[in-house]
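Colleague: This is the structure I want to talk about, given as structure tokens.
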Amino acid sequence: MDITDLDSLDRKIVAFLQDDGRMPFREIARRLGVSEGTVRRRYNRMVEGGLLEVVATGDPMKFGIAVDAVTLIKTRPGEAEAVAKALTQLDEVRYVGLGIGSADVVIESLHPSIDELYRFLSQAIPAIEGITAHETIQIVRIFKSTWDWRAWLKRQPALEGGEIVAQSE
């Protein structure tokens, strides 16, 4: 399942859940003028299709995580996916993605101290087979970190028009 499988009703359901991931299906259905079962079925279809996941997120620094780092990793030819999979197993790693360009793999990692970042970079990263080089950027201040998909959904063609309405009522 991907974004082209969403119609305007699906997009509106996503928008409501973006505002409040704990909003009851009954309330979403009332606001959209459809049945609760319709909302539940569409939600389940999006979750089962891997398109939607409702989770709690927060600012790592407000949770006492002092060090946020982005590491660009070069790998031996043909080993980027194996390296990426190995990196997903490390508790400190929050994000893993394959890259094209100066990095084969990009990760974001969170650490309680600069000493722990140093340990991670000097011990955990070199222990993974296939890594040939890495460069780390420590994040010192975050200006924007959002999971708000409304702007992106508005830009994509929908099967039924694509509009997403403001959710404040």
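Colleague: Condition first: aromatic (Phe, Trp, Tyr), modelled with pLDDT of 95 or more and assigned to a helix (DSSP H, G or I). Can you find one or more residues in the stretch 58-72 that meet it?
Modeller: There is no residue in the stretch 58-72 that is aromatic (Phe, Trp, Tyr), modelled with pLDDT of 95 or more and assigned to a helix (DSSP H, G or I).
Colleague: Is one or more of the residues making up the stretch 78-100 at pLDDT 95 or above, open to solvent by less than 50 Å² (accessible area, probe 1.4 Å) and hydroxyl-bearing (Ser, Thr, Tyr)?
Modeller: So far as the stretch 78-100 goes, no, none of its residues is at pLDDT 95 or above, open to solvent by less than 50 Å² (accessible area, probe 1.4 Å) and hydroxyl-bearing (Ser, Thr, Tyr).
Colleague: A further question on this structure: Just one of ALA103, ALA133 is at pLDDT 95 or above, open to solvent by less than 80 Å² (accessible area, probe 1.4 Å) and part of a loop (DSSP other than H, G, I, E, B); which is it?
Modeller: Checking each option against the conditions leaves just ALA103.
Colleague: Then there's this: Only residues that are crowded, with 16+ Cβ neighbours inside 10 Å and modelled with pLDDT of 95 or more: list them for the stretch 2-30, please.
Modeller: Selection gives PHE25, ILE28, ALA29.
Colleague: Okay, moving on. May I ask you to list the residues in the stretch 125-148 that are aromatic (Phe, Trp, Tyr) and out of contact with any Ser or Thr (no Cβ under 8 Å at 6 or more places or on another chain)?
Modeller: Residue satisfying the conditions is PHE143 alone.
Colleague: Ok, one more. Among (1) open to solvent by 50 Å² or more (accessible area, probe 1.4 Å); (2) touching a residue at least 12 places away in the same chain (Cβ under 8 Å); (3) among the charged types (D, E, K, R), there is one condition ASP68 misses while meeting the rest; what is its number?
Modeller: (1)
Colleague: Has the stretch 58-68 got any residue that is aromatic (Phe, Trp, Tyr) and within 15 Å of ILE137 (Cβ to Cβ)?
Modeller: No, that holds for no residue.
Colleague: Out of LYS62, LYS85, report the one residue that is more than 30 Å from LEU6 (Cα to Cα) and among the charged types (D, E, K, R).
Modeller: It is LYS62.
Colleague: Can I ask one more? Restricting attention to the stretch 35-57, which residues are modelled with pLDDT of 95 or more and in a loop (DSSP other than H, G, I, E, B)?
Modeller: Hit for the stretch 35-57 is SER35, nothing else.
The values are calculated or read from the model by the stated rules, or taken from the named source; none is laboratory data. All values derive from a computational prediction rather than experimental measurement. Counting neighbours? That spans all protein chains shown, and the Cβs are built from the backbone with ideal geometry, glycine included. Side chains are part of the model used for accessible areas, which takes the heavy atoms of the whole protein and leaves out ligands, DNA and RNA. Shrake-Rupley method; radii C 1.70, N 1.55, O 1.52, S 1.80 Å.
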